[in-house]
Every structure is written in structure tokens, then in C-alpha cells.
Amino acid sequence: MEWKPLSHREYCALACICMLAFILVFQHAVQHEHPLSWDVWYHLRISRQVASGDLLWDAGSFGPEGRPHLYPPLFHVITAFLFRAGIPLETVARGMAPLVFTGTILALYLFVQSVWNRPTALAACFFASVSPALLDRGAAYTPESLSFIFLFCGFYFFFKHRWVISGVCGGLIILTHGITSITFFSVLLMAALCDMCIVKQSDWKGVIIICVVALIIGSPWLVRSFPVFIPRGFSYPLSYYPQRLGVIQVVLALLGGVFLSKDEKSLFIVAFAFPLLVLSQWSPSLPYRFVEFLVFPVCILAGIFIESMHLSYWKSCAVGVLFLMAFTQGFWSIEQYAPVVSEEEITAFTWAGSLSVSGYTIMSEGTAAPLIAYFSHTPPVKGAYQFGAPAITERNEDVRQFYTEYPDELFSTYNVFLVYYGAEERAYASVPPLDAVYATGNTAFFHR
């Protein structure tokens, strides 16, 4: 498809959608003093460590011995670069989240308009910008949110038959986020299979080139630090999908499926949606996370339906009502978000950092662990991210035993210096029979 300049109306529509996407996320950067999401604190702590020159070993979020980094490095390298440039880490997270989310919408537009057309792309981008699941990711500054941009750039160049550039995008995905890597290669393989079986033409050569280039670029991470674990997770019931993806988006996507045919672009949308639907139910690793990627084919299908309506005045009014309903659900969902850390906890964890000793750990359950690691600069026993931790089952059992029996041997096993007693610990454990060295509200620290 040859690029033609945007008309004034198309330019204004795209600008408005990008402004909407930016503002929906940016409002929380202004409204809240701290970044949203739980896992952002793990990523900020890792980025701080990368800024200090440690790219391979995570000594600060898992104690006492540390572990290899669990995540690919690109996101943390970019964040560390901004940090070294003098921008505080929390400011990086709050400022970059709306920019990256807007970049995702632009990358989606680039891809959809090149494969379908601009009206479809504009409608798809609007529905994506107000989808609850995508706003959930967009509000959090994490590797996944950055990987969305690489994902659609990779798809764009795939359709342009620019195999090497698409492979470079695939390599950047490998260096950014694991589940996005699974999505990227699953969709390309499914698309090539559909083309071969239905339209009797094959892009296997291109897919192989993409895979080879991507694996070469991602090989430093894959060879050195590939995680030898499969994090488990749950799957949402199908009845919950409209709540996550957007009720209007799902209904219109089902209607949009009627307008698909056997051409290459229709088969691609099938290849995009089908593996993600399967993975979101039966993936051996974190199936619920694939719902966040299912947003995109659903929104594209919704855009296909809107474009097929050949809008008259009354149809335009009806579509406007649908847009408003979709926006209302997305806005209501993001308004529920708030930082997971309180000022009381920040004060407590910062105090613990001023008292803790190098080489020792803080005992806590998993919820507070990434916050403790970030604010106290001291590794928690359970790990800021449990996935991939050495002997994690045994460690979980030890932590639970610790808070019920407080055996002396576990103090020495994990070099425990302070014991945290917060909301999660209070839910099942009695007050530790130790010396209280800090207590305020619902947070407390104990020392033997």
C-alpha cells in the first residue's frame, strides 16, 4: 500500500486519539505522587542497579545470595540511561508511562492503516486507547508496555516484506519481554501456516529470516541469562473477557468477524487472535497475561466493523454513542488505580534501609518485597519477584514457617537482620515474639 498524506480530518482524528491516550494515563502521573502498579518497583530497582553497572546479577531484590536477572535487559538499560541523565527513577516511570502508551497507539495505527485502511486504523486505535486491559498496562511503566511498540513495528515490516527489519524488531522484543516474544513468533508462524493452507502461498522464507535475525540479536540474553523456569498462573473465565477487553470492543469484534474473507490481511487477523485466545486459556505460563495482547485483534476487528458501516448521519450518531460507552468503561476502570505503596510504608522501608547491614536481609512476605527492595536498598528473603528464584517452593515454605514458629535456624539460613510485620503478615501471623524496633500504624519491624 502506497503512503498518501493524511487528510486534515484524518490528521485531526489521529491527533485527538493520541491526546486521549496520553491524557488518560498522564492524569494519574499528576494525580498520584508515586508510580502505579506493583511490579514497577521491581523494575525501577533493577534499573537503578543497572545504572551502577551490574547487568547480569541481581543482588538487591533476592537475599542473601542474589540470582541472575529474570528480565531481559533492554527496558532496564533505557530506564537506567534516563536515571543517569539526572531524572529520578519515579519521575521516569510517571513521565514515560503516558509517552510509551501513546507510542503503542501510534505503532498500532501504522500497522493497521498499512494492512487495512485509515478509517479502520483510527477506529481500532480509539478502541485500544480506552480498553481496560490495555490501560492497565499503559498506566504501568513496565517492559511489556515498551514491547508493544516493537511488536507492531515488527508486524508492519512483516507485511512490507522487509524481513530483516522485522527480525530486528523481533530481536528487540526478545531483549525486552518474554510473553511478547511468544506472541510475536506465534502470530507469525500461524499467519504463515494459514497462508500456506488457504491461499496457497507461503511466507515461510520470510518468517525463517525474521526468526534467525531475531535470535541472533537476542542471543546475548538467551545464552547468558535465559530463565530456566515456567512461572505459573491462572486463566480468566471467558465470561470475564468483556470486562477486561471492553464490552463494546468485544461485541463489535464479533460483528467485525463477519466481514473477514480468505485474503492475506483477513487471515492475519485470524492468526493474530486465535493463538492468543488459546494461550489465554491453556498456556503453561501465565495464561491471563495473554488477554492483554488479545486486546489488539479485538480492537482491529471492531474497527473493521465500524469501517464497513459506510456511515450516514444516523449511523454516525450511533457510532458516537458506542465510542462514548467504550470510553466510559475504560475511564471508569483506570480511575480505580492507585499506587500500591503508602507514605507510611515508604517511611518504614526507608528507615529500615538506614538501619540495615550489608550482607543481611529483611524477612517479609511477597507483597511488600519489591517495595522493601526499592526503598530500603536491602534484599528481602522471598524476593521482589519470586519467579525463577532458586528453590522457591522451599523458600515459600520457610517464610510461612518463619512467621508461625520463628525458628532460630532460619535467621542464620537467610541472614535475617529485620523482620517486617505488615498487612499480609498480619493476616495469618501473630505479633513476632521479638524485639520491636519500629512500629507505626500497620507497619512494624522486629529484630532478634
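Just so it is clear, none of the values below were taken in a lab; they were calculated from the coordinates. Just so it is clear, the structure is predicted and the values come from calculations on it, not from any experiment. For neighbour counting, all protein chains shown are included, and Cβ atoms are generated from backbone atoms with ideal geometry for every residue, glycine included.
Thinking of the chain as a set of Cα atoms, what percent of all their pairs are more than 30 Å apart? Walk me through the numbers on the way to the answer.
Details: 48092 of 100128 pairs.
It works out to 48 percent of all Cα pairs.
If you stretched the chain out fully between Trp282 and Val247, how much longer would it get, using 0.36 nm times the residue separation minus the C-alpha to C-alpha distance?
This chain segment gains 10.3 nm when fully extended.
May I ask which residue of Cys169, Ala302, His8 lies farthest towards the positive end of the charge dipole of the chain, with charges of +1 (Lys, Arg) and -1 (Asp, Glu) on Cβ and the Cα centre as origin?
Positive-most Cα among the choices belongs to His8.
Report the relative contact order of the stretch 343-447, percent, no decimals, based on alpha-carbon pairs under 8 angstrom and at least 6 residues apart.
Values: 158 pairs, mean separation 29.9, N = 105.
Relative contact order comes out at 28 percent.
Kindly provide the helix-only [θ] at 222 nm of the chain, computed as the sum of -39,500 (n - 2.57) over DSSP H runs of four or more divided by all residues, to the nearest 500 deg cm²/dmol?
Estimated from H runs of four or more residues: -20000 deg cm²/dmol.
Within the chain, count lysine pairs with alpha carbon atoms under 17 angstrom apart where the residues are 8 or more positions apart or belong to different chains.
Values: Lys4/Lys160; Lys160/Lys205; Lys160/Lys265; Lys200/Lys262; Lys200/Lys265.
Lysine pairs satisfying the spacing and distance rule in the chain number 5.
With r as the distance between the Cβ atoms of Leu324 and Asn117 and R0 = 35 Å, compute the FRET efficiency 1/(1 + (r/R0)^6) and round to 0.05.
Numbers: r = 24 Å, r/R0 = 0.68.
Result of the calculation: an efficiency of 0.90.
How many nm separate the modelled label positions at Trp57 and Met196, each set 7 Å beyond the Cα in the direction of the Cβ?
4.5 nm
Would you tally the net charge around Phe402, using a Cβ to Cβ cut-off of less than 15 Å, leaving Phe402 out, and scoring K and R as +1, D and E as -1?
-4
Pulled fully out, how much extra length does the chain show between His8 and His161, if you take 0.36 nm times their separation in residues and subtract their Cα-Cα distance?
Full extension of this stretch gives 52.1 nm more.
Using the alpha-carbon centroid of each, what span in Å lies between the stretch 315-349 and the stretch 379-448?
34 Å
I need the helices of the chain that pass two filters: whole DSSP H segments spanning 30 Å or more by Cα along the axis, and mean Kyte-Doolittle score no lower than -0.5.
8-31, 89-115, 313-334
Write down the percent of antiparallel bridges among all DSSP beta bridges whose residues are both part of the chain, to the nearest 5.
Of the beta bridges lying entirely in the chain, close to 70 percent run antiparallel.
Can you give the FRET efficiency for Leu255 and Phe81, using 1/(1 + (r/R0)^6), R0 = 41 Å, r = Cβ-Cβ distance, to the nearest 0.05? All intermediate terms of the calculation are to be shown ahead of the outcome.
Values: r = 45 Å, r/R0 = 1.10.
Plugging the Cβ-Cβ distance into 1/(1 + (r/R0)^6) gives 0.35.
How big is the dipole moment of the chain about its Cα centre under a simple scheme where the beta carbon of each Lys and Arg is +1, that of each Asp and Glu is -1, and everything else is neutral? Debye, nearest 20, please.
Roughly 1560 debye, rounded to the nearest 20.
Multiply the residue gap between Gln31 and Ala423 by 0.36 nm, knock off their C-alpha separation, and tell me the result in nm, one decimal place.
138.6 nm is the gain from fully extending Gln31 to Ala423.
Taking 7 Å along the Cα-to-C-beta vector as the label spot, tell me the Leu222-Thr404 distance in nanometres, rounded to one decimal.
Once both label points are built, they end up 4.3 nm from each other.
Find the Rg to Rh ratio for the stretch 114-224, where Rh is the Kirkwood radius over alpha-carbon pairs and Rg uses the same atoms.
With Rh from the inverse mean 1/r over Cα pairs, Rg/Rh is 1.00.
Please give the peptides 209-220, 316-327 ranked by average Cβ packing (other Cβ atoms within 10 Å per residue), highest first, as a rough proxy for protection.
With the highest mean Cβ count within 10 Å placed first, the list reads 209-220, 316-327.
Suppose R0 equals 25 Å. What FRET efficiency, 1/(1 + (r/R0)^6) with r the Cβ-Cβ distance, do Thr393 and Val431 give to the nearest 0.05?
After rounding, the FRET efficiency stands at 0.35.
If contacts are Cα pairs under 8 angstrom and at least 6 residues apart, what is the relative contact order of the stretch 1-111 in percent?
It rounds to 35 percent for the stretch 1-111.
Normalised by the number of residues in the chain, what is the relative contact order in percent for Cα pairs under 8 Å and 6+ residues apart?
Across the chain, relative contact order equals 18 percent.
In Å and whole numbers, how far do the C-alpha atoms of the stretch 18-173 stretch along each principal axis, longest first?
Ordered largest first, the stretch 18-173 gives principal extents of 54, 40, 26 Å.
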